[in-house]
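Report on one structure; see the data block that follows.
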Amino acid sequence: MSLSQRHPLQALLFVLPALIMFGIFVLAPLFSSLYYSFTHWDGLSSPEWVGWHNYKRAFNDDIHLSSYVHVSIYILGTLVVEVFFGLVMAVLLNSDRIGFKLMRTLFFTPVILSMVSAGLLWKFALDYNYGLLNAILKSIGLGSFVQPWLSLPETALLCVTIISGWKYAGFFMIIFFTAIRRIPNSIYEAAIIDGCGPLSSFMHITIPMLRENIVICILIAVTGGFAGFDLFYTMTNGGPYNSTEIPTTWIIKMAFDRNQMGYSIALTVIMTLVVGAVSIIYLNVTKRKDVIDY
């Protein structure tokens, strides 16, 4: 018989502090947010109950709806630039030869920068008049390619996506590099004897062995994409012409720029439900019963 069965009151006392903290910092804000999402509230005055008005407005808000298109494009881009490129770099730098440690360190260095610092750095580098990128293009005779990169709807979202990849690809590289080191060399040696080349070994050995890591990394990239804010806010703040507006930036604008706190909370509830649904569906689709043990 367990302790909780023999002394239920004593067991309850042990978990009571955690339950109280959970109630204060999780349940209370959750239910209060749900309440305020059904109100017209500016954050200061008394809330006015409006029922489902905020949610109906959200599904008729063109900028809100387009923000999910933008974040979807951004997430798909980061899956390539961050996860796939991180995997490729982990494979290419999987060596103990001289110089490879330094290459891994340099590739990982952007991860330690804060997102705001990275955003400000690249915002300056992409500046039309004084930016490093345009200066390089002019110096090598490619002045016709000079663009106001962050001021054009056609290029702004692409720039933010690439910079996010520059920032986080090293993070995923380290995850994959660590996992690759756990794969026995005997498997690759047997594949070489059977006539497998590097590409074939990568497709038929490395990727299947890293399946669980890939699943988790994709989930991190997807949920991180939805939670993205600081890079977008620092570099474009949703512009130009709302072309880089994502749910989080639009929520912040509604809350603090337009003092529509009730509406912004409703948008937050919708985003939470979307992220939760995407995560649950993804984990169920990628779930497997058999586990590779090595």
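Quick notes
- Any hit, segment 268-287, residues being touching a residue at least 60 places away in the same chain (Cβ under 8 Å), open to solvent by less than 30 Å² (accessible area, probe 1.4 Å) and in contact with a Pro (Cβ under 9 Å, 6 or more places away or on another chain): yes
- Residue match in segment 148-163 (condition: without any contact (Cβ under 8 Å) to a residue 60 or more places away in the chain and touching a Leu at 6+ places or on another chain (Cβ under 8 Å)): yes
- Residue ID - most open to solvent (accessible area, probe 1.4 Å), chosen from residues in segment 82-126 that are charged (D, E, K, R) and without any contact (Cβ under 8 Å) to a residue 12 or more places away in the chain: 97
- Pairing each residue of segment 65-79 that is more than 18 Å from residue 270 (Cα to Cα) with any residue that is hydroxyl-bearing (Ser, Thr, Tyr), provided the two are 6+ apart or on different chains, yields C-beta distances under 7 Å for 74/161; 77/161; 78/161; 78/164.
- Restricted to segment 170-195, and to residues there that are of a type in the set (D, E, K, R) and assigned to a loop (DSSP other than H, G, I, E, B), the residue that is most open to solvent (accessible area, probe 1.4 Å) is 182.
- Of the criteria (1) farther than 25 Å from residue 122 by Cα; (2) part of a helix (DSSP H, G or I), which one residue 259 fails: (2)
- Test: residue 151 is assigned to a loop (DSSP other than H, G, I, E, B) and open to solvent by 50 Å² or more (accessible area, probe 1.4 Å): yes
- Summed over segment 25-62, residues that are open to solvent by less than 50 Å² (accessible area, probe 1.4 Å), touching a Phe, Trp or Tyr at 6+ places or on another chain (Cβ under 7 Å) and either farther than 14 Å from residue 263 by Cα or of a type outside the set (Gly, Ala, Ser) (or both) total 5.
- Residues of segment 209-254 that are of a type outside the set (Phe, Trp, Tyr), open to solvent by 50 Å² or more (accessible area, probe 1.4 Å) and either touching an Asp or Glu at 6+ places or on another chain (Cβ under 7 Å) or in a helix (DSSP H, G or I) (or both): 211, 212, 216, 220, 227, 230, 252.
- Segment 4-24 - residue that is open to solvent by 80 Å² or more (accessible area, probe 1.4 Å) and either among the polar types (S, T, N, Q) or within 19 Å of residue 271 (Cα to Cα) (or both) and, of those, modelled with the highest pLDDT: 10
- Any hit, segment 133-144, residues being more than 30 Å from residue 92 (Cα to Cα), among the polar types (S, T, N, Q), open to solvent by 50 Å² or more (accessible area, probe 1.4 Å) and at pLDDT 90 or above: yes
The values are calculated or read from the model by the stated rules, or taken from the named source; none is laboratory data. Just so we're clear, the structure is a prediction, and the values are computed from it rather than from any experiment. All Cβ positions, even for glycine, are placed from backbone atoms using ideal geometry, and neighbour counts span all protein chains on display. The accessibility values were calculated without ligands, DNA or RNA, using every heavy atom of the protein model including side chains. Shrake-Rupley method; radii C 1.70, N 1.55, O 1.52, S 1.80 Å.
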